[in-house]
Amino acid sequence: MFKENVVAVVNGKEITTNDIMKFLNEMNPQTAAQFQSEDGIKRIIEELVNQELLYLDAIEKGYENDIEFKEVLKTVKENLLKGYAFNKIVEGIEVTDEEIKNYYEENKDIYTKQETMNASHILVENEEKAFEIIDMINEGLSFEEAAEKYSTCPSKEVGGNLGEFGRGQMVQEFEKAAFDLNVGEMSEPVKTQFGYHIIKVNEKFDKGIYALEDVKSEIERQILINKQEEKYQSKVNALKLKYPVEIM
């Protein structure tokens, strides 16, 4: 179990490891990663100490009684209360497996995957060079070796592999040539705005419906949002009958 330790004391108030964790959790993951070291933790402790000192100074100067502060506090309180009220409205809402299954069956058209493929390519500046490379491949040089040696595309680091893609994701000339090829087939040089491509199709995947397990978490989130919205609207409509509302 996590043990909470005191890391500093400011005017009698303890700053603990729990405070450090809260401070880190309020950061985005990329920023928080910069403080995952002994030096980074020391910087956080120093900042927590500094903030506590500012708080003590503000109390001593009576800033909490300033009109400007009271206005800010009022706005913050209202916004927090609104958020808290919303959370109270939607708390306890759950999504069952049966609801997920029914939603999936009723909305399969949403979860249709288009035809995709996995292809590799070799990119060079001119057509002559492209034909030279094709000849070398036909004479026994592997496509992957040729990509690593001659391609100007960063994909050469993985043998020219572009991963899985569908229609509309590549430039038109490249897409047409790639989807016209059969699995294992290599193209003639294909000219695009980037240069000349030699394309090889590794795999093709037909269009179809995503399996329920593949989209279950997405469906669960959508149903939860729908339920929350429905309950929220129901509550707001009831409140409109209770409190006068006039929209100009």
**Asked** Considering Ala211, Ala178, Ala238, which residue is within 24 Å of Leu123 (Cα to Cα) and either aliphatic (A, V, I, L, M) or surrounded by 11 or more Cβ atoms within 10 Å (Cβ to Cβ) (or both)?
**Response** Ala178
**Item:** Any hit, segment 41-61, residues being in contact with a Phe, Trp or Tyr (Cβ under 6 Å, 6 or more places away or on another chain), modelled with pLDDT of 95 or more and of a type outside the set (A, V, I, L, M, F, W, C)
**Value:** no
**Enumeration of residues in segment 1-48 that are in contact (Cβ under 8 Å) with a residue 40 or more places away in the chain and either on the phi > 0 side of the Ramachandran plot or among the polar types (S, T, N, Q) (or both)** = Asn11
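Residue-wise test of (1) over 30 Å from Ile223 (Cα atoms); (2) among the hydrophobic types (A, V, I, L, M, F, W, C).
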site	(1), (2)
Met21	yes, yes
Ile41	yes, yes
Gly62	yes, no
Asp97	no, no
**Message:** For segment 13-40, which positions are of a type in the set (Val, Ile, Thr) and modelled with pLDDT of 90 or more?
**Reply:** Ile15, Thr16, Thr17, Ile20
**Asked** From Phe143, Phe131, which residue is in contact with a Pro (Cβ under 8 Å, 6 or more places away or on another chain) and among the hydrophobic types (A, V, I, L, M, F, W, C)?
**Response** Phe131
**Request:** Among the residues of segment 2-37, write down those that are within 26 Å of Ile59 (Cα to Cα), of a type in the set (Lys, Arg) and more than 27 Å from the chain's Cα centre (by Cα).
**Result:** Lys13
**Prompt:** Going by the conditions given, is Gly83 free of Cβ contacts under 8 Å to residues at least 12 places away in the same chain, among the small types (Gly, Ala, Ser), surrounded by fewer than 11 Cβ atoms within 10 Å (Cβ to Cβ) and outside any loop (DSSP other than H, G, I, E, B)?
**Reply:** yes
**Prompt:** Quick check, is Ile122 out of contact with any Pro (no Cβ under 9 Å at 6 or more places or on another chain) and either part of a helix (DSSP H, G or I) or among the β-branched types (Val, Ile, Thr) (or both)?
**Reply:** yes
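The values are calculated or read from the model by the stated rules, or taken from the named source; none is laboratory data. As the structure is a computational prediction, the values presented were derived from the model and not from experiment. Here the Cβ is made from the backbone with ideal geometry for all residues, glycine too, and neighbour counts use every protein chain on show.
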